[in-house]
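Notes to accompany the following structure.
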Amino acid sequence: MIKLAAVGIVALALMPALWILASNRDIPQFGTYQDDGLFLIGAKSLSEHQGYRISNLPGEPFQTKYQPLHAWLLAAIWSIDANFPGNLVLVSIYQALVLVSFIALSGLLFRSLEFSPLESAALSAFLALSPWIIYWSTVPFSDYLFAALVAGTFLLLNRATANRRLLFAAGMLAAAACLTKAAGLLIVPAVLLGSFRRRDWRSAGVFLTPVLPAIIGWTLWANFHRAASDQPILWYYTDYIGAFLKNGGLRALPDIIPQNLVSIMTAAGSVVIHNLPDSMPGRFLCILVAASMVTGSVRIVKRTGMFEYPVFCLLLALTLTVWNFSPNVRLMLPMLPLLAIGLYLEGGVLAQLTRRSLQGKDSGNRVAAYVILAGIVMGGLYGIRQNALFIARDIPALLQQGRDLTARSREVFRWCRASLPPSAVVLASDDTLV
């Protein structure tokens, strides 16, 4: 009965996101953020047996920047329906399935970390109802597939102990994660550190059996097919590391690190209340939210002894800190289950302290406890209202703006198709959409 109630809680929490996705099956913001367009361009090329290429660039270079699994899945959709943009309806269904998978696997990950069914359901519901998690799910990036695979990997690792089948299955999911995003590589050192801590190298060997071929295979393929060029635009499109180094990423680290640390903290806060970073007190609370992720990591490791997932999150946070792109909620998606854990555990500590103060004889402590309790209740009600308005009103409005903009752009696209020869070169800011 408890498990059934837990499933019901998660299902209800997913309703707003699924309503948003179902109401916007045409993916009105498609191409706005470029990466989603690049994946579908690669998928189209794969489905037409042209290889994994960036066909919107002159010379149609191979896509050696983004790992191919997400594009392969989109290529299967393109093979079913090659009528663009009509086939975006199928893409939106795929995106909904990936979102549900991420939330469900996060719930199972919470269970593997020794939370009760109802606690796990509540933590999953918190993620499912976060406005920015809902918003970014409307754009078919690879991040949601990646986050689901990461959650599945550490779920199986936490349950595996010495079970070689589960270890191998975890390795398969990790291999899929490595073929989805470059950050999947961070799973390997996290697992190796866990094996070193337990002196259990056999388990590491079983886990790495499917992972290493995936990493080596993609690395070799990308290196052999990467286009040689001195053009910065081509570095950006085809080479993560090359673009970072050639654009002075190392020299810029003193500027990048402080800015990205602020971005990580504000993104963490916006998961709780969508506009929390918009005010000075809110930015201070963002720092506390981000700090709870750290303290929660320590508490969960002490409680369970399972530290591979927190180590992966730490490595991902460090990577996002030094990268020359400001982190946002979608890039932090695999870390957000740990954020939910940290908030819950620290909230439990605060509740205990408040309860002790209320039960104590010191009137000053009781007054302070009542003030803290009132602040939490008022802040919770404010957050619920703000998030509900953003989900019900602001997200549909943002998507409608994207739909209107795309409708105007398609007038230009139709003219280009009718008037320009196939050899024409077009300069455009929204190049993937064009």
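The values are calculated or read from the model by the stated rules, or taken from the named source; none is laboratory data. The structure displayed is predicted, hence computed values, not measured ones. Reconstructed Cβ throughout: ideal geometry from the backbone, glycine too, with neighbour counts over all protein chains shown.
Results for (1) touching a helix residue (DSSP H, G or I) at 6+ places or on another chain (Cβ under 8 Å); (2) touching a residue at least 12 places away in the same chain (Cβ under 8 Å), shown as yes or no for each residue.
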site: LEU331; (1), (2): yes, yes
site: LEU339; (1), (2): yes, yes
site: ALA388; (1), (2): no, no
site: THR406; (1), (2): no, yes
site: ARG410; (1), (2): no, no
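Being touching a Pro at 6+ places or on another chain (Cβ under 8 Å) and either in a helix (DSSP H, G or I) or exposed (fewer than 15 other Cβ atoms within 10 Å of the Cβ) (or both) narrows it down to one of ALA204, ALA174, ALA169, ALA190, so name that one.
ALA174
Looking at region 341-374 only, could you name the residues that are in contact (Cβ under 8 Å) with a residue 60 or more places away in the chain and of a type in the set (Lys, Arg)?
Once the filter is applied, which keeps residues that are in contact (Cβ under 8 Å) with a residue 60 or more places away in the chain and of a type in the set (Lys, Arg), region 341-374 yields nothing.
Select from region 213-228 the residues that are farther than 19 Å from ARG53 by Cα and exposed (fewer than 15 other Cβ atoms within 10 Å of the Cβ) and list them in ascending order.
If the condition is that a residue be farther than 19 Å from ARG53 by Cα and exposed (fewer than 15 other Cβ atoms within 10 Å of the Cβ), then PRO213, ILE216 are the ones that fit.
Restricting the search to region 143-166, which residues are small (Gly, Ala, Ser) and either surrounded by 24 or more Cβ atoms within 10 Å (Cβ to Cβ) or modelled with pLDDT of 95 or more (or both)?
The answer is ALA147, ALA148, ALA151, GLY152.
Please go through region 277-300 and pick out each residue that is touching a helix residue (DSSP H, G or I) at 6+ places or on another chain (Cβ under 8 Å) and either in contact (Cβ under 8 Å) with a residue 60 or more places away in the chain or among the aromatic types (Phe, Trp, Tyr) (or both).
Passing the criteria: only ILE300.
Could you list, in sequence order, the residues of region 73-110 that are within 20 Å of VAL150 (Cα to Cα) and either free of Cβ contacts under 8 Å to residues at least 12 places away in the same chain or part of a loop (DSSP other than H, G, I, E, B) (or both)?
Correct list: LEU97 only.
Which of the residues spanning region 357-403 are exposed (fewer than 11 other Cβ atoms within 10 Å of the Cβ), more than 23 Å from LEU127 (Cα to Cα) and not aliphatic (A, V, I, L, M)?
The answer is GLN359, LYS361, ASP362, SER363, GLY364.
Can you confirm whether region 113-129 contains a residue that is touching a helix residue (DSSP H, G or I) at 6+ places or on another chain (Cβ under 6 Å), small (Gly, Ala, Ser), in a loop (DSSP other than H, G, I, E, B) and within 20 Å of TRP19 (Cα to Cα)?
No.
Considering every residue within region 217-225, establish whether at least one is modelled with pLDDT of 90 or more, within 23 Å of the chain's Cα centre (by Cα), closer than 30 Å to LEU166 by Cα and among the small types (Gly, Ala, Ser).
no
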